[in-house]
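Novice: Please see the structure below; I have some questions.
The values are calculated or read from the model by the stated rules, or taken from the named source; none is laboratory data. As the structure is a computational prediction, the values presented were derived from the model and not from experiment. Here the Cβ is made from the backbone with ideal geometry for all residues, glycine too, and neighbour counts use every protein chain on show. Heavy atoms of the whole protein, side chains included, go into the accessibility calculation; ligands, DNA and RNA do not. Shrake-Rupley method; radii C 1.70, N 1.55, O 1.52, S 1.80 Å.
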Amino acid sequence: MKVAYNKVHVGDVLLVQLAMESIVKTQMERVGDIAILKEEATGEVKAFNLFNASKYVALDVAGNVEVTPELVEKLEAAIKENGVEISLDVDFTPKFVVGLVESKEKHPNADKLSVCKVNVGEETLQIVCGAPNVDAGQKVVVAKVGAVMPSGLLIKEGNLRGEDSFGMLCSARELAIPGAPEVKGILVLEETAEVGSAFTVPTR
């Protein structure tokens with residue numbers, strides 16, 4: 001789930017994205033303070049907008065809103081108060097974690113891409129990476145599927161030139177780390193970093 005709020009530019013509206021896939025054709029239904037956005041062909045609820053959001057949630061941000069159990073509880077209360085049926089199935093496991101690059105192979109269809117196997121603790125992910133400095137044996141920051149980057153980019157499953165990719169290896173600049181170098185390349189962590197542990201991304 002991705003949540004955003006920007007009162008200056010959008011108004012007092014909380015934008016809640018429930019699905020990672022974009023809506024092909026939107027069907028909208030307004031019930032009280034909630035506008036439900038569905039995929040017209042299937043009727044699946046992909047997102048909703050909560051109007052008069054400050055009545056339901058205390059917000060002091062402009063951009064991405066951290067999704068916490070407390071926020072979800074308040075959203076569920078707002079949904080119930082408006083008489084809407086929307087299920088919020090939220091995964092609270094860390095989306096930014098320390099990974100170990102176990103192997104790196106040249107992408108068969110792209111000279112500047114590598115296909116990496118990355119251990120993130122409970123599983124090993126295949127991630128296609130274009131960073132020139134990626135190599136086997138490195139401890140790196142992995143943005144897993146469902147992660148929201150500081151830029152607002154939502155990480156999805158992808159396929160790059162015929163190879164599946166389940167996440168992203170991050171640079172310091174992509175993570176909005178102060179003083180990040182301008183040179184291209186992923187952030188390589190210290191050897192002492194614990195594989196699978198959460199990595200805290202700075203908030204803007």
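Novice: Report the extension gain between Lys112 and Asn52 in nm, rounded to one decimal, defined as 0.36 nm multiplied by the number of residues separating them, less their alpha carbon distance.
Specialist: Extending this stretch completely gives an extra 16.9 nm.
Novice: Near Lys74, which aspartates and glutamates are there with a Cα under 17 Å away, not counting those fewer than 8 places off in the same chain?
Specialist: Asp12, Asp33, Asp60, Glu66, Glu85, Asp89, Asp91
Novice: A further question follows. In the chain, what percent of the accessible surface is made up of carbon and sulfur (1.4 Å probe, ligands and nucleic acids excluded)?
Specialist: 49 percent
Novice: Additional query: Using just the helices of the chain, give the 222 nm mean residue ellipticity in deg cm²/dmol: DSSP H runs with n ≥ 4 each add -39,500 (n - 2.57), and the total is spread over all residues, rounded to 500.
Specialist: Calculated from helices alone, the mean residue ellipticity at 222 nm is -2500 deg cm²/dmol.
Novice: For the stretch 152-198, compute the orientation-averaged projected area of the C-alpha convex hull (one quarter of its surface), in nm².
Specialist: 4.9 nm²
Novice: Looking at the stretch 13-59, which trypsin sites (Lys or Arg not before Pro) are DSSP coil and have at most 11 other C-beta atoms within 10 Å of their C-beta?
Specialist: In loop regions of the stretch 13-59 (DSSP not H, G, I, E or B), the sparsely surrounded trypsin sites (Lys or Arg not before Pro) are Lys25.
Novice: For the stretch 76-187, count all C-alpha to C-alpha pairs, find those more than 17 Å apart, and express that count as a whole percent of the total.
Specialist: 59 percent
Novice: Another question, then. Residue-wise, which Karplus ³J(HN,Hα) couplings in Hz belong to the stretch 93-107, taking 6.51 cos²θ - 1.76 cosθ + 1.60, θ = phi - 60°, and x for glycine or proline?
Specialist: Here the 3J(HN,Hα) series is 5, x, 9, 10, 9, 7, x, 10, 6, 7, 8, 9, 10, 5, 5 Hz.
Novice: To continue, here is another question. From the convex hull of the Cα coordinates of the stretch 1-97, what is the mean projected area in square nanometres?
Specialist: 6.6 nm²
Novice: What are the trypsin sites (Lys or Arg not before Pro) within the stretch 77-141 that DSSP puts in a loop, where the Cβ has at most 14 other Cβ atoms within 10 Å?
Specialist: Passing sites in the stretch 77-141 are Lys112.
Novice: State the extension gain, in nm to one decimal, for the chain segment bounded by Leu153 and Ile177, taking 0.36 nm per residue of separation less the distance between their alpha-carbons.
Specialist: This chain segment gains 7.0 nm when fully extended.
Novice: So, for the stretch 140-192, what is the accessible surface per residue at a probe of 1.4 Å, expressed in square angstrom?
Specialist: 54 Å²
Novice: Just to confirm a number: summing +1 for Lys and Arg and -1 for Asp and Glu over residues other than Gln126 whose beta-carbon lies under 9 angstrom from that of Gln126, what do you get?
Specialist: Summing Lys/Arg as +1 and Asp/Glu as -1 gives -1.
Novice: Could you tell me how far the Cα centroid of the stretch 113-168 sits from the Cα centroid of the stretch 1-65, in Å?
Specialist: About 28 Å separates the Cα centre of the stretch 1-65 from the one of the stretch 113-168.
Novice: With P(r) over Cα pairs in 10 Å bins from 0, in percent defined as stated, name the option among [x] 8, 34, 34, 19, 5, 0; [y] 8, 35, 39, 16, 3, 0; [z] 8, 30, 30, 21, 10, 1 computed from the structure displayed.
Specialist: Entry [z].
Novice: How big is the stretch 30-74 in terms of Cα radius of gyration and Dmax, in angstroms?
Specialist: For the stretch 30-74, the Cα radius of gyration and maximum Cα-Cα distance read 12.5, 37 Å.
Novice: In whole percent, what relative contact order does the chain give with Cα contacts below 8 Å and a gap of six or more residues?
Specialist: Relative contact order here is 17 percent.
Novice: Taking the Cα atoms of the stretch 93-159 alone, what are Rg (to one decimal) and Dmax (as a whole number) in Å?
Specialist: Calculated on Cα positions, Rg and Dmax stand at 11.9, 34 Å.
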